[in-house]
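The values are calculated or read from the model by the stated rules, or taken from the named source; none is laboratory data. Being a predicted model, the structure only gives us computed values, none of them experimental. Note that we place each Cβ from the backbone using ideal geometry, even for glycine, and neighbour counts take in every protein chain shown. Only protein heavy atoms, including side chains, enter the accessible area calculation; ligands, DNA and RNA are left aside. Shrake-Rupley method; radii C 1.70, N 1.55, O 1.52, S 1.80 Å.
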Amino acid sequence: MTVHVVGIGLDGAAGLSASARQVVEMAALLVGSDRHLSYFPQESCERWVLGELNTVILEIRRWLALNANIEPDEETFSHPSRASEQHIVILVAGDPLFYGWGKLLIAQLPAAKLIFHPHVSCVQLAFNRLQIPWQDAHFVGSQGLYFEELTAKLKLGVEKIAALVDEIHTPAALANLVQALDLPTRYEFWVCENLGSANERVGHRPLSALLEESFAPLSVVVMLRESQMEAASLDLEKLPLLGIPDGAFIGCGDRPGLTVEREVRVLVLAQLALQREQVVWDVGAGNGAVSIEIARLFPQSQVYAIEQTVSGTSAIEFNSTRFRLQNLLSIHGAAPEILHRLRPPHRIFIGCSGPGLTKILGVCALRLLPGGCIVLVLDVLEDIATVLSWMGDRVHREPHWNYRIVQVQLSRSLQGVNLTRFDSLRPVSMITIDRLLD
């Protein structure tokens, strides 16, 4: 006896291939939800409503054991009279091996006894309705660590996300998560409901609509990353003086997730101990979040945002224009070479790391004015060791240097389904290097 797992869509029996339909017609046992079983009212075989799958699997094992003339185990199940005549058919939604029952069936039943007949998956239908290639899309199923997986993909700023939703993981819950994360990467949302049925509905929805409207429980939300240059205008009067929300910045299109988070940014400003009318360098500025905070707080200071990538430089210039800043200068170039051309600074923030860190520190120390300081934010132990080694050599030759380290590990609260959990920000070490007055 063989177990056939037949995928089926909302179009019911009409959407099955001729071979899949024949498999169903030859079933000795037909297992499925009430809806799936209703598609085959004429089948006279034994029928089980699929509830707890583990219980059904135990009964299927009994059928297979009887068919193979194997003495069954001690579980007390009814003895089917037709176990040796035909096969078992399990009806499941879409593709059983795409966020379906297939994974559990493979783990619990002999592989040699299983045959899969997949239907078109809801995600495949969704992207085809939108006429968008989906080989590079990322998927989030409605089971398991749903919000954790979705959070990780949003933080990475992936281009295409398809999230399966249900009565618990609703579009509104998804929208609440996106709002709470407040990321610089923005998405447009398409809700695809009842795909393949007569009640199919596919439509573009703003984030506010996901929070307010009701949608069919069998839906897919497709999230498409927006062009960074299509951001809405800012109402500067409503922004806080200190600690601009992350979502107010435009990110780097090819390097999402590089915005220095609001909470870390505020601590950086505190370590810099800024004063009026200073020259400030932001080395490895990313999308310019730190530079913009400084330039906005100190309009009489001159801020240089140094970034070697084209996407980063474009984001800095775009953000600077949105914030209507006149004292922020975007510098496209690689450190440390480009640093020799700039005015000597009172303060330096270094947000980059890697093999060139020692050379960057050397030039920064050479150009830094007496009484100034350098603040680095690092998340790799090797980079911290590099800075401490550099400091040891520097202090040995020039005693008017000292340093201090603040280790930062923060979490933000995120609302899930009737629960609130903490989402950890990237842990960093903040090293402040002071050049004392000679």
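Would it be correct to say that residue 386 is open to solvent by 50 Å² or more (accessible area, probe 1.4 Å), farther than 30 Å from residue 211 by Cα and β-branched (Val, Ile, Thr)? Give the derivation first.
Working: open to solvent by 50 Å² or more (accessible area, probe 1.4 Å): no; farther than 30 Å from residue 211 by Cα: yes; β-branched (Val, Ile, Thr): yes.
For residue 386, the condition - open to solvent by 50 Å² or more (accessible area, probe 1.4 Å), farther than 30 Å from residue 211 by Cα and β-branched (Val, Ile, Thr) - is not met.
Restricting to region 375-407, what's the tally of residues that are assigned to a strand (DSSP E or B) and either free of Cβ contacts under 8 Å to residues at least 60 places away in the same chain or among the hydroxyl-bearing types (Ser, Thr, Tyr) (or both)? Reasoning before the result, please.
First, pick out the residues of region 375-407 that are assigned to a strand (DSSP E or B): 375-378, 401-407.
Pick out the ones that are also either free of Cβ contacts under 8 Å to residues at least 60 places away in the same chain or among the hydroxyl-bearing types (Ser, Thr, Tyr) (or both) and you get 376, 378, 401-405, 407.
Going through region 375-407 one residue at a time, the tally reaches 8.
Could you check, for region 357-372, whether at least one of its residues is in a strand (DSSP E or B) and out of contact with any Gly (no Cβ under 6 Å at 6 or more places or on another chain)? So that I can check it myself, show each step before the final result.
So the first thing to find is which residues in region 357-372 are in a strand (DSSP E or B), and the list is none.
Within region 357-372, not a single residue is in a strand (DSSP E or B) and out of contact with any Gly (no Cβ under 6 Å at 6 or more places or on another chain).
So, residue 396, is that one modelled with pLDDT under 95, more than 30 Å from residue 166 (Cβ to Cβ) and touching a strand residue (DSSP E or B) at 6+ places or on another chain (Cβ under 8 Å) or not? Walk me through how you get there before you give the answer.
Working: modelled with pLDDT under 95: yes; more than 30 Å from residue 166 (Cβ to Cβ): yes; touching a strand residue (DSSP E or B) at 6+ places or on another chain (Cβ under 8 Å): no.
Answer is no for this residue.
Mind listing whichever residues of region 113-123 are farther than 15 Å from residue 139 by Cβ and in a helix (DSSP H, G or I)?
113
Name the single residue that is nearest to residue 368 (Cα to Cα) among those in region 300-325 being modelled with pLDDT of 95 or more and open to solvent by 40 Å² or more (accessible area, probe 1.4 Å).
302
Restricting attention to region 86-112, which residues are part of a helix (DSSP H, G or I), open to solvent by 70 Å² or more (accessible area, probe 1.4 Å) and either of a type in the set (Lys, Arg) or in contact with a Phe, Trp or Tyr (Cβ under 7 Å, 6 or more places away or on another chain) (or both)? Can you show your working first?
Within region 86-112, the subset part of a helix (DSSP H, G or I) is 102-108, 111-112.
From the residues that got through so far, the ones that are open to solvent by 70 Å² or more (accessible area, probe 1.4 Å) too are 103, 106-107, 111-112.
Matches in region 86-112: 103 only.
For region 154-183, enumerate the residues that are in a loop (DSSP other than H, G, I, E, B), over 25 Å from residue 9 (Cα atoms) and open to solvent by 10 Å² or more (accessible area, probe 1.4 Å). Explain how you work it out, then say what you get.
First, the residues of region 154-183 that are in a loop (DSSP other than H, G, I, E, B): 157-159, 166-170, 182-183.
Those still in the list that are over 25 Å from residue 9 (Cα atoms) too: 157-159, 182-183.
Hits for region 154-183 are 158, 159, 182, 183.
Kindly establish whether residue 225 is under 21 Å from residue 315 (Cα atoms), basic (Lys, Arg), open to solvent by 10 Å² or more (accessible area, probe 1.4 Å) and out of contact with any strand residue (DSSP E or B) (no Cβ under 7 Å at 6 or more places or on another chain).
Working: under 21 Å from residue 315 (Cα atoms): yes; basic (Lys, Arg): yes; open to solvent by 10 Å² or more (accessible area, probe 1.4 Å): yes; out of contact with any strand residue (DSSP E or B) (no Cβ under 7 Å at 6 or more places or on another chain): no.
No: the conditions fail for residue 225.
In region 31-50, which residue that is small (Gly, Ala, Ser) and free of Cβ contacts under 8 Å to residues at least 40 places away in the same chain is least open to solvent (accessible area, probe 1.4 Å)?
Taking region 31-50 and keeping what is small (Gly, Ala, Ser), we get 32-33, 38, 44.
When the remaining residues are screened for being free of Cβ contacts under 8 Å to residues at least 40 places away in the same chain, the result is 38, 44.
Values: 38: 71, 44: 111 Å².
This residue is 38.
Going through region 343-356 one residue at a time, which ones are at pLDDT below 95 and either more than 31 Å from the chain's Cα centre (by Cα) or of a type outside the set (S, T, N, Q) (or both)?
Step one: filter region 343-356 for residues at pLDDT below 95, giving 351-356.
The answer is 351, 352, 354, 355, 356.
Just to confirm my filter: which helices (runs of 4 or more DSSP H) fall fully inside region 197-306 and include at least 2 residues that are over 20 Å from residue 186 (Cα atoms) and either over 27 Å from the mean Cα position of the chain (by Cα) or among the aromatic types (Phe, Trp, Tyr) (or both)? I'd like the intermediate steps shown before the answer.
Numbers: elements: 207-212, 262-272, 289-297.
Where helices (runs of 4 or more DSSP H) fall fully within region 197-306 and carry at least 2 residues being over 20 Å from residue 186 (Cα atoms) and either over 27 Å from the mean Cα position of the chain (by Cα) or among the aromatic types (Phe, Trp, Tyr) (or both), they are 262-272, 289-297.
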